[in-house]
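Working notes for the structure below.
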Amino acid sequence: MTSIAIVGTGQTVHARRRVDVSQAGLAREAAIEALNDANLTMDDIDAVVVASGPAMFGSVNQPEKWLVDALGARYKPVVRVTSGGGTGLAGALQAINQIKAGLARRVLVVAYDKLSEGALQASISTLYDPFWGREFAVGIMGFSAAYWRARMDRLGHTEEAAAMVAVKNRKNAMLNPKAHVKKEVTVEEVLASKPLCWPIKVLDVPPISDGACAVILAAEGDAETITNTPAWIRGMAYYAEADNGPNRSMLQSEPLKTAAARVYRNAGVTNPRRQFDVAELQEPYTCFELSYYEGLGLCAEGEAAELIASGATQMTGDIPVNPSGGCMGANPIGATALIRLAEAAMQVTGKAGAHQIKGAELALVQAGGGWANLRGVAVVGSSKD
Amino acid sequence: MTTTPETMDFKNFQIAMPYTLTAGHAVGSFLAELAHQRIIGARCAKCDTVRVPAQDFCGDCGGESNEFVVVPPTGTLTAWTVTDQGIIGLIALDGTSVPLLHQVITATPSDLQVGMRVKATWAAEPVGAMMDLAGFVSAPDAPVAQVEPAVDLSSPIEQLDYRMELDYEHAYGHFYGTLFDGIKNSRRIRGVRCPSCRNVLLPPRPMCEACYVPTGDWIDLPDTGIVQACSVVHIEFVGQRIPPPYVYAEIVLEGSSTRLIHTVGGLSAEEARSGAVRPGTRVKAVWSDRRTGGLSDIDYFEVVADHE
Ligand SMILES: [Zn+2]
Ligand SMILES: [Zn+2]
């Protein structure tokens, strides 16, 4: 099977509101940065995958048609992928499948959302069945807070433990030039912050951002000629669940466990805590990062609070999680998952600058869409195997 | 196909949302200059094409269209169609490379011809939007003009307000129709049993997604259940249907194996946070006077003693 590598990455300047660019201009900015990073032009690109959140976020349906001109992608194969918060990783997986199928050798993935333009919670609430719960939905926040509350009782994911995630990620974001929220907080400040959907409080929640990310993936053979530092995809998978199936406790994300098992098998990972040098996890709320520690096998079930308290997931710990600051630094939803992948690639190629984990060779990526419905995992390494 | 006669057919649902759209530098400049009755285009520095409205990038070559030009208000009609709301035409403005889609205003549509000369007509009161350029009218004698360099441009319009309202008619179908008919008319909550795993599924559905077999018997469920998870909603947002604070809850009715999404009421936010409702709390439906055939026929669930 052809090996595939990330050969270029780009991110916009993320902001709460970018009034200087349109949605298309935002996507273009990230694409140009990725092309420059790879020292390529659009002439070198065989196919384009556009990834963005629900059309309702920006009121433009089929935005990929608008992006064709903005990206200089006329007469190239262009498709759009959308899968909620996991959109960016789902887009990268689509690019990988095209390369594996022999349809393309160099694929540009551009992921973006311009969340300043629409009504976020109302848009997300439409992922509920219109007959069954939509009138009570609060985006995914009501749901996420509810199951965090359940995990407190059953798994010990306390408000203090989640607050430590906020403290860590917001501190890490200080070192990331692309993060737009740069403000350190303390556990006490998080705990005292205003409840939005208790137990979720303002400081457990990432910013709402305008931003884009682009990644160029290339087949083995091309990858090494494009760059001296390809970031090899060692595994990637994206799984769904039976949302309203019987007897679901929702304490762990089933699709996350399925995706992780498959990707770990492909990448030869048997001891994730020891083998990974760094992880980039998509944490739309702090409580999710705790849950993912367990779902990804970084600790046993019920030990997430202990793991964060131990300092192991700090920049200086043995398994640093979100040195970029994760979603807490910027959260342009459609782009967020691809940002996690791009950050992982930057880590294993030594390009992460001030938030570089020294000598990182193997990185874990997690992303997801819906509440716990769709979960993706990827492993990125500095070597092919 | 006809719908099952004993059930309701459709539920009306509207998605209505406000937007603040960002035009970007070029389109923002174009919109701002319409107030001065100037049409702004952009010339691609790389391939020399001129597009209008001005764009921040060139679709032909992918380059940056970095030179703004003033486009003459005259051009040629290249295509049109007559609609209920008026005539939509493609107008090749003089000196540009890509036709502009806009309104053609005429009392006599039968006189329209491909290739006819037209000129811009302007709204009396500009508002900073596309329709400040009201449309194009016949101008048989308008000479062919040239684009000119754009000087003294107004600052671009950064954001435009927009509103989207989408009306839906969601079909109930047999299973939801039977459930919500029962809720509306007889306050019965009915699920279906999977013949394989014996779980009772609510809302009812044709297949059990765990076993992937067709479901079987209809089962009446009580309006009491156990809170599986709950949170206290304080946030306010566009489109919210209940004024906060309230308790969002996922409830498993007794005898059911799936979650019903609703609210728990009759207690304050402080009581909810301090454990008056928590995973494992037993609750009972408080029925409304409304009979709409939806979950909102239940006002909320209230906390009841474990063995009431
Ligand atoms: Zn050009
Ligand atoms: Zn079954």
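Every number in this text was worked out from the coordinates using simple rules, so none of it is lab data. All of these numbers come straight from a predicted model, not from anything done at the bench. Positions of Cβ are backbone-derived with ideal geometry, glycine not excepted, and every protein chain shown enters the neighbour counts.
Scanning segment B:39-90 for residues that are acidic (Asp, Glu) and at positive phi gives a single hit, B:48.
Across segment B:23-43, the number of residues qualifying as in contact with a Lys or Arg (Cβ under 7 Å, 6 or more places away or on another chain) and either away from ligand 1 (no atom under 16 Å from the Cβ) or among the hydrophobic types (A, V, I, L, M, F, W, C) (or both) comes to 1. Evaluating residue B:79 against the criteria (1) out of contact with any Gly (no Cβ under 7 Å at 6 or more places or on another chain); (2) closer than 30 Å to residue B:110 by Cα leaves one unmet condition, (1). Looking across segment B:205-243, the residues that are surrounded by 13 or more Cβ atoms within 10 Å (Cβ to Cβ), at the interface with another protein chain (Cβ under 10 Å from one of its Cβ atoms) and within 16 Å of ligand 2 (Cβ to nearest atom) come down to B:205, B:208, B:209, B:210, B:211. Being within 25 Å of residue A:263 (Cα to Cα) and either assigned to a strand (DSSP E or B) or within 14 Å of another protein chain (Cβ to nearest Cβ) (or both) is a description that does not apply to residue A:74. The number of residues in segment B:44-74 that are within 24 Å of residue A:32 (Cα to Cα), more than 11 Å from chain A (Cβ to nearest Cβ) and more than 9 Å from ligand 1 (Cβ to nearest atom) comes to 7. When B:147, B:137, B:213 are checked against the criterion of being among the hydrophobic types (A, V, I, L, M, F, W, C) and within 16 Å of ligand 1 (Cβ to nearest atom), B:147 stands alone in meeting it.
Scanning segment B:265-294 for residues that are of a type in the set (A, V, I, L, M, F, W, C) and touching a helix residue (DSSP H, G or I) at 6+ places or on another chain (Cβ under 7 Å) yields B:267, B:287.
Let's see how each residue does on (1) assigned to a strand (DSSP E or B); (2) more than 14 Å from every other protein chain (Cβ to nearest Cβ); (3) under 24 Å from residue A:5 (Cβ atoms):
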residue: A:233; (1), (2), (3): yes, yes, yes
residue: A:246; (1), (2), (3): no, no, no
residue: A:258; (1), (2), (3): no, yes, no
residue: A:261; (1), (2), (3): no, yes, yes
residue: A:266; (1), (2), (3): no, yes, yes
residue: A:270; (1), (2), (3): no, yes, yes
residue: A:279; (1), (2), (3): yes, yes, yes
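Within segment B:144-165, the set of residues being in a loop (DSSP other than H, G, I, E, B), out of contact with any Pro (no Cβ under 9 Å at 6 or more places or on another chain) and more than 14 Å from chain A (Cβ to nearest Cβ) comprises B:150, B:151, B:152, B:153, B:154. A residue that is among the polar types (S, T, N, Q), surrounded by 18 or more Cβ atoms within 10 Å (Cβ to Cβ), in contact with an Asp or Glu (Cβ under 9 Å, 6 or more places away or on another chain) and within 13 Å of another protein chain (Cβ to nearest Cβ) occurs nowhere in segment A:94-106.
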